[in-house]
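In what follows, a single structure is set out as structure tokens and then discussed.
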Amino acid sequence: MNTVRTRFAPSPTGFLHVGGIRTALFAYLVARQANGKFVLRLEDTDKNREVEGSAEHLIASLKALGLQYDEGPDIGGPYAPYKQSDRLDIYQKWAQRLIDAGRAYADPYTPAEVQKFREEATAAKKAFLYRDHRPENPPAWDGTTPLRFKCEPKAYAWHDEVMGDLSTGPEVIDDFILMKSDGYPTYNFAHIVDDAEMEITHVIRGQEFISSTPNYLNLYEALGLERPLLATMPPIMNEQGNKKLGKRDGAKDVLDYVRDGYLPEALVSFIATLGWNDGTTQEVFTPSELIAKFSLDRVGRSGARFDEKRLLWVNGHFIRELPLDELAKRVEFFWPDSAKKAEEAYRHRVLELAQERLKTLRDLPALTSYFFEEPTRNDSLVSENKQLKKLEETEITRLITAAHEALERLNEWNQDTIQEALNQLLETTGQKPGTLFSLIRIYTTWSPFSPQLNGTLALLGKETTLKRLSVAQ
Ligand code: GLU
């Protein structure tokens, strides 16, 4: 068997969106699973659409998610160069082969002439096809006009690893541009040349190319190439599942997710399951589980829903699974400033307590700053709380005073003794835990979130807890 070689072939035209990352991830998984090679190729032949800095950004995004490629523009490899604009002589050579075989011609028409052909076809109620207008004696191609492929219309039946068996008739086959007059090849031509030269075995890409596939099959034949396996990704839909995911649906640049405190392994698991499952109900997968279990034939054909709430849940799951030392490394940049001055051992204990509740690393300050600094009183936490806003001011004072008294009596200050005192307090005050514990939590932290109450108070220490509960008196 040939070595499996997959590629991710983005165009540097903007930030890497979640659909692009999914394509990269699946290509990566297919390669890793087969001990093959994963190649990064930059398809930068459309100079008008190129966005400055996006190649670096793409590379940074792949690295941030741990999708390490084996060959690529910045690291080289046996099939270098990996950037299409550095491979122009290669496309010239392949174009010449087609010219020599009588399978490509200089396109002599101006845009106005093509427009006229189109209008004629519309008037005759016929589909417009370039191949109906092949020039009889085209001039030799000198690079100042486009070079067009001379197709051989025929029906095709082929297998797509995801979409299944597909077929089309000869009417979809047409003459398409191979080389543009600016000297650059089209995507349609360049990717076929590069996949062949780079010995790519699996072409995994988005659906925007599926309608052109019969034309690609025609070109593979004209070049005498065996085609690689083709796998077309299903679309990614918005949360409601009623339209394709757009920028407005909240899908951000993947590096923004990382900056916002999402773990790479959570993003990878979430993105892998946009359209793929392993046939069980398992919802989260570590990178090594993905390498072991992924298969293209379990990628669904219909659209996958992008649900940010699920991403948040998956992220919380991966945060809880991290060993504390590892979590400590990951949160380094997310601590509030006041925490940076604290003892490392204390920070570690705070993190241990907060780990259970962290949904993103960025929640860390909200969840922990009151361990390191005096919180600022924020009465809206009480007045906007469903349970607490019903309480009279005097009732609040009574409850906080009772809590102060009960906790003050404790000789031993730990999670268990505190919990016991809190439970007794429920009985003596006749309040529900949802009300009483929220109130104590708010008065001791002034934060919308905090870890479990007894653990929080234990770590705050008796003195600080009592001081904060005195404020109400
Ligand atoms: N350069 C193409 C794009 O970014 C890649 C398509 C492919 O993977 O072949 O859309």
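At-a-glance table
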{"quantity": "Anisotropy class of region 116-199 from Cα gyration tensor, a/c 1.5 cut", "calculated": "oblate"}
{"quantity": "The chain: relative contact order as a whole-number percent, Cα under 8 Å and 6+ apart", "calculated": "13 percent"}
{"quantity": "With all protein chains modelled, accessible area of Glu395 [1.4 Å, Å²]", "calculated": "40 Å²"}
{"quantity": "Where the chain is the region considered: accessible area per residue in Å², 1.4 Å probe", "calculated": "49 Å²"}
{"quantity": "Whole-number D in µm²/s for region 16-101 (Stokes-Einstein; Kirkwood sum over Cα pairs; 37 °C, 0.692 mPa s)", "calculated": "227 µm²/s"}
{"quantity": "Cβ-defined net charge surrounding Ala196, 11 Å radius [Lys, Arg +1; Asp, Glu -1]", "calculated": "-4"}
{"quantity": "Extension gain from His159 to Ile75, taking 0.36 nm per residue of separation minus the Cα-Cα distance", "calculated": "26.9 nm"}
{"quantity": "Surface accessible to a 1.4 Å probe, Lys63 within the full protein complex, Å²", "calculated": "100 Å²"}
{"quantity": "Lys, Arg +1 and Asp, Glu -1 on Cβ, resulting dipole of the chain about Cα centre, debye, nearest 20", "calculated": "680 debye"}
{"quantity": "Estimated [θ] at 222 nm from DSSP helical runs (n ≥ 4, -39500 (n - 2.57)) normalised by residues in the chain, nearest 500", "calculated": "-12500 deg cm²/dmol"}
{"quantity": "Sequence-separation-based contact order of region 306-410, relative, with Cα cut under 8 Å and 6+ spacing, percent", "calculated": "27 percent"}
{"quantity": "Summed side-chain charge close to Glu343 - residues other than Glu343 whose Cβ falls under 15 Å, Lys, Arg +1, Asp, Glu -1", "calculated": "+1"}
{"quantity": "Cα-based shape type of region 259-355, given that a ≥ b ≥ c are square roots of the gyration tensor eigenvalues and the cut on a/c is 1.5", "calculated": "prolate"}
{"quantity": "Per-bin percent of Cα-Cα distances, region 1-151 [5 Å]", "calculated": "2, 8, 14, 14, 13, 12, 12, 11, 9, 5, 1, 0"}
{"quantity": "Farthest positive-ward along region 224-364 dipole, Cα basis, beta-carbon charges - from Gln282, Asn242, Ala342", "calculated": "Asn242"}
{"quantity": "Other-chain or far-sequence residues with amide H under 5 Å of Phe8's (modelled H)", "calculated": "Val39, Leu40, Arg41"}
{"quantity": "Geometric extent, Cα atoms of the chain - Rg, Dmax (angstrom)", "calculated": "30.9, 103"}
{"quantity": "Alpha-carbon radius of gyration plus Dmax, which is the widest Cα pair, for region 31-71 in Å", "calculated": "12.5, 37"}
{"quantity": "Local electrostatic count at His159 - Lys and Arg +1, Asp and Glu -1, tallied over other residues with Cβ under 11 Å", "calculated": "-3"}
{"quantity": "Alpha carbon centroid spacing (whole Å) that separates region 202-257 from region 362-435", "calculated": "54 Å"}
{"quantity": "Cα-centre dipole for region 24-111 with unit charges at Cβ (Lys and Arg positive, Asp and Glu negative), debye to 20", "calculated": "320 debye"}
{"quantity": "Exposure of Tyr109 as accessible area (Å², to 10), given a probe of 1.4 Å and all protein chains", "calculated": "70 Å²"}
{"quantity": "Gyration tensor verdict on region 372-473 (Cα atoms; rounded if a/c is under 1.5, prolate if a/b is larger than b/c, oblate otherwise)", "calculated": "oblate"}
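The values are calculated or read from the model by the stated rules, or taken from the named source; none is laboratory data. Fair warning: this is a prediction, and the values are worked out from it, not measured in the lab. All Cβ positions, glycine included, derive from the backbone under ideal geometry; neighbour counts span all protein chains shown. Areas reflect the complete protein model, heavy atoms only, side chains present, ligands, DNA and RNA absent. Shrake-Rupley method; radii C 1.70, N 1.55, O 1.52, S 1.80 Å.
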